[in-house]
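Trainee: Before we start, here is the structure in question, set down as structure tokens.
The values are calculated or read from the model by the stated rules, or taken from the named source; none is laboratory data. Not measured: the values here are computed from a predicted model. Cβ placement follows ideal geometry from the backbone for every residue including glycine, while neighbour counts extend to all protein chains displayed.
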Amino acid sequence: MKSTFTPLGLKGLALLAVLAPLQVAAHAIVVKASPAARSSAAAGDVPVALNFNSRIDHSRSRLALIDARGDATPLSLAESPEDQMRAVAKAVAPGSYRLEWVVLSVDGHITRGNVMFKVDATGR
Ligand SMILES: [Cu+2]
């Protein structure tokens, strides 16, 4: 029997059906960040704490520090409650930094985002 739909067309439709709700519904998102977005921190070891709106799978979530040159350093996650990410970012050189997070929330959805902050010698 011949289908009027091409296999590609069906796949495309199925993909749309899967992707559309993913993009509309926000899943694990950051509700509180330290350092706060666009804030300044003192140079050195910067404690990082990201609070999410839901529990996340720490073993399948990643956090990295990106410096002003674009160099990325993966941060190891410290013990924390399941709706948080904690780490220490070594940000010695003054300048702009970005924390990039990718998390798997307990509902099985992956989300990502970033928090930009500045480091200066005085921390103000
Ligand atoms: Cu979700």
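Trainee: In the stretch 75-119, which residues are under 16 Å from LYS32 (Cα atoms), over 11 Å from the mean Cα position of the chain (by Cα) and charged (D, E, K, R)?
Mentor: Once the filter is applied, which keeps residues that are under 16 Å from LYS32 (Cα atoms), over 11 Å from the mean Cα position of the chain (by Cα) and charged (D, E, K, R), the stretch 75-119 yields GLU82, ASP83, ARG86.
Trainee: Any idea which residue in the stretch 103-121 is nearest to GLY44 (Cα to Cα), counting only those that are in contact with a helix residue (DSSP H, G or I) (Cβ under 9 Å, 6 or more places away or on another chain) and β-branched (Val, Ile, Thr)?
Mentor: If we filter the stretch 103-121 for residues that are in contact with a helix residue (DSSP H, G or I) (Cβ under 9 Å, 6 or more places away or on another chain), which is where we start, we get 103-104, 109-110.
Add one more test, that the residue is β-branched (Val, Ile, Thr), and what stays is 103, 110.
Working: VAL103: 26, ILE110: 31 Å.
Filtering first and then ranking leaves VAL103.
Trainee: Of the numbered conditions (1) more than 30 Å from LEU65 (Cβ to Cβ); (2) modelled with pLDDT of 50 or more; (3) charged (D, E, K, R), ASP45 fails exactly one; give the number of that condition.
Mentor: (1)
Trainee: With (1) more than 17 Å from the chain's Cα centre (by Cα); (2) polar (S, T, N, Q); (3) modelled with pLDDT of 55 or more; (4) more than 30 Å from VAL92 (Cβ to Cβ) as the list, and SER40 as the residue in question, which single condition is left unmet?
Mentor: (4)
Trainee: Out of all the residues in the stretch 75-105, which are farther than 14 Å from LEU63 by Cβ and touching a residue at least 60 places away in the same chain (Cβ under 8 Å)?
Mentor: SER105
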